[in-house]
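Trainee: This is the structure I have questions about; it appears just below.
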Amino acid sequence: MITTTPMLDIKKIRKDFPNLDVTVHGKPLVYLDNAATTFKPQCVVDAVEQHYSQGASNVHRGVHYLSEKATEDFEGARRKVQNFIHAKHPSEIIFTRGTTESINLVVQSYGRAFLKEGDEIIITEMEHHSNIVPWQMLCEEKGCALKVVPFNEDAELIWEEFEKVLGPKTKFVSVVHISNSLGTINPIAKIIKAARQYDVPVLVDAAQSISHAPIDVQALDCDFLAFSGHKLFGPTGIGVLYGKTDLLEKMPPVQGGGDMIASVTFEKTTYNVLPYKFEAGTPHVAGVIGLGAAVDYVKSIGFDAIGEYKKDLLDYGTQVLQAVPGLRLIGTAKEKTSVLSFVLEGIHPHDIGTIVSDEGVAIRTGHHCTQPVMKHFKVPATSRASLTFYNTKEELDALVKAIEKVKDVFK
Ligand code: PLP
């Protein structure tokens, strides 16, 4: 059998992203903050612009040409997302504002309707706040208990601890697939399989993983999956909740209004079919169309090539950062993606972020909405470089050079 190595033409790919040409303080921008948000390829910008300049219209409501066209594009994008994550039906794709809203939808709908006092919800120590706080709010209201699976010093979940908390009282499992502050890739398939013993729904926070590798929700057998368009090279303000039909069918809507109803009288309202039951009001039409274009773009590059390239970049970044005296990497899991969180002895991350920004390098500093992770490592914050397929080794060299500058300043 002949195997070929998929290659990326990075020069060509970089031309697709106009934002990469920006200069900062007179220096070429080095954008290493992709876990926060990704840049948009020109085709996404064009799709959004095209909708607003040539096709602006509301969806599902009009019989005039533009409304029909907008509806066609909108529902076409839903099918693109369906195919992208291999959902069984387009109606299992619910458009939200992002991962945060998707998780909140499940908590407010499924959680409030089906969880009760004494029930236990399992999350992990490395969750983003958006997969902690909504559950805490529910626990407070309902008297449920949150069970947190800890991780070890390499930032890998401790499987035995998961097995310890999983039991007959467990009524929901909600887990991050890839940690945004550590890069750890969690064994999500194994977690779902284990949860099945107790017939417990599992939600996967795919905010980071959606742009990392192909996700097949049917093969994974997850019950819910949440992600944001803006971390997948799409627009901000648009996201997705995938849910299995049988669960979504029995869940009550969270917001009432236009589009989510079948009929309304003052005596009684009946609800629309899926997915509209969960999409009250005018949706983010341009955002959905832009997300569809982003999905097309990622597919055109291909996850095989993306994965291979990012692995190489991560290995290189790990190597050059580890060589910096006084620098400690936070998050050293065997299975990890291209997130490089670090601390520098004696220098606060905010100072690092500010000084490297003067050199044109954009990294994120802070707790990354994962304060429990910071607590675990006994640090107030970290600096984080997060890479994607348009980044280069030269950009990592620029980061190291900027870090040397930081060290000079604090000498
Ligand atoms: N979950 C993870 C792992 C994230 O990285 C993020 C954002 O950084 C979120 C959830 C929240 O995403 P959003 O702010 O787009 O809703």
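Trainee: Please work out which one of (1) touching a helix residue (DSSP H, G or I) at 6+ places or on another chain (Cβ under 6 Å); (2) hydrophobic (A, V, I, L, M, F, W, C); (3) not in a helix (DSSP H, G or I) is the condition residue 107 fails and give its number.
Mentor: Evaluating residue 107 over (1) touching a helix residue (DSSP H, G or I) at 6+ places or on another chain (Cβ under 6 Å); (2) hydrophobic (A, V, I, L, M, F, W, C); (3) not in a helix (DSSP H, G or I) leaves (3) as the failure.
Trainee: With the condition kept exactly as written, say whether any residue in segment 358-365 is free of Cβ contacts under 8 Å to residues at least 24 places away in the same chain, touching a strand residue (DSSP E or B) at 6+ places or on another chain (Cβ under 8 Å) and under 16 Å from residue 36 (Cα atoms).
Mentor: Let us first name the residues in segment 358-365 that are free of Cβ contacts under 8 Å to residues at least 24 places away in the same chain, namely 365.
Remaining after also requiring touching a strand residue (DSSP E or B) at 6+ places or on another chain (Cβ under 8 Å): 365.
Adding the requirement that they be under 16 Å from residue 36 (Cα atoms) leaves 365.
Yes: one or more hits.
Trainee: Condition first: open to solvent by 30 Å² or more (accessible area, probe 1.4 Å), within 16 Å of the ligand (Cβ to nearest atom) and not in a helix (DSSP H, G or I). Now tell me which residues in segment 323-371 satisfy that.
Mentor: Passing the criteria: 335, 336, 364, 365, 367, 369.
Trainee: Also, quick follow-up: Do we have any residue at all in segment 12-19 that's open to solvent by less than 50 Å² (accessible area, probe 1.4 Å), β-branched (Val, Ile, Thr) and touching a Leu at 6+ places or on another chain (Cβ under 8 Å)?
Mentor: No.
Trainee: Which of the residues spanning segment 76-110 are among the polar types (S, T, N, Q) and within 16 Å of the ligand (Cβ to nearest atom)?
Mentor: The answer is 96, 99, 100, 102, 104, 108.
Trainee: Then there is this: Mind listing whichever residues of segment 265-316 are under 19 Å from residue 12 (Cα atoms), of a type in the set (Lys, Arg) and open to solvent by less than 50 Å² (accessible area, probe 1.4 Å)? Break it down stepwise before answering.
Mentor: Keep residues of segment 265-316 that are under 19 Å from residue 12 (Cα atoms), which gives 293-310, 312-313.
Imposing the further condition that a residue be of a type in the set (Lys, Arg) reduces the set to 299, 310.
Within segment 265-316, 310 is the sole residue that qualifies.
Trainee: Then there is this: Working only within segment 20-50, note down all residues that are open to solvent by 40 Å² or more (accessible area, probe 1.4 Å) and among the small types (Gly, Ala, Ser).
Mentor: Residue satisfying the conditions is 26 alone.
Trainee: What tally of residues in segment 223-249 results from selecting those that are within 16 Å of the ligand (Cβ to nearest atom) and either of a type in the set (Val, Ile, Thr) or on the phi > 0 side of the Ramachandran plot (or both)?
Mentor: Looking only at segment 223-249, we keep the residues that are within 16 Å of the ligand (Cβ to nearest atom), and these are 224-242.
Of the ones still in play, those that are also either of a type in the set (Val, Ile, Thr) or on the phi > 0 side of the Ramachandran plot (or both) are 233, 236-238, 240.
The number of residues fulfilling the criteria is 5.
Trainee: On to the next question. Exactly one condition in (1) free of Cβ contacts under 8 Å to residues at least 40 places away in the same chain; (2) in a helix (DSSP H, G or I) is false for residue 380; which is it?
Mentor: (2)
Trainee: Also, I was wondering about something else. If you scan segment 144-164, which residues turn out to be exposed (fewer than 15 other Cβ atoms within 10 Å of the Cβ) and in contact with a Pro (Cβ under 6 Å, 6 or more places away or on another chain)?
Mentor: 158
Trainee: Of the conditions (1) surrounded by fewer than 17 Cβ atoms within 10 Å (Cβ to Cβ); (2) in a helix (DSSP H, G or I), residue 167 fails just one. Which one is it?
Mentor: (2)
Trainee: Taking the conditions exactly as written (open to solvent by less than 30 Å² (accessible area, probe 1.4 Å), assigned to a helix (DSSP H, G or I), out of contact with any strand residue (DSSP E or B) (no Cβ under 7 Å at 6 or more places or on another chain) and in contact (Cβ under 8 Å) with a residue 24 or more places away in the chain), does residue 67 satisfy them or not?
Mentor: Taking the combined requirement at face value, the residue does not satisfy it.
Trainee: To continue, here is another question. Considering (1) of a type in the set (D, E, K, R); (2) in contact with a Lys or Arg (Cβ under 8 Å, 6 or more places away or on another chain); (3) within 29 Å of residue 328 (Cβ to Cβ), say which one residue 141 fails and leave the rest.
Mentor: Of everything listed in (1) of a type in the set (D, E, K, R); (2) in contact with a Lys or Arg (Cβ under 8 Å, 6 or more places away or on another chain); (3) within 29 Å of residue 328 (Cβ to Cβ), residue 141 misses just condition (3).
The values are calculated or read from the model by the stated rules, or taken from the named source; none is laboratory data. In this text the structure is predicted, and so the values were computed from the model without any measurement. With ideal geometry, Cβ positions are generated from the backbone for all residues, glycine too; neighbour counts draw on all protein chains shown. The accessibility values were calculated without ligands, DNA or RNA, using every heavy atom of the protein model including side chains. Shrake-Rupley method; radii C 1.70, N 1.55, O 1.52, S 1.80 Å.
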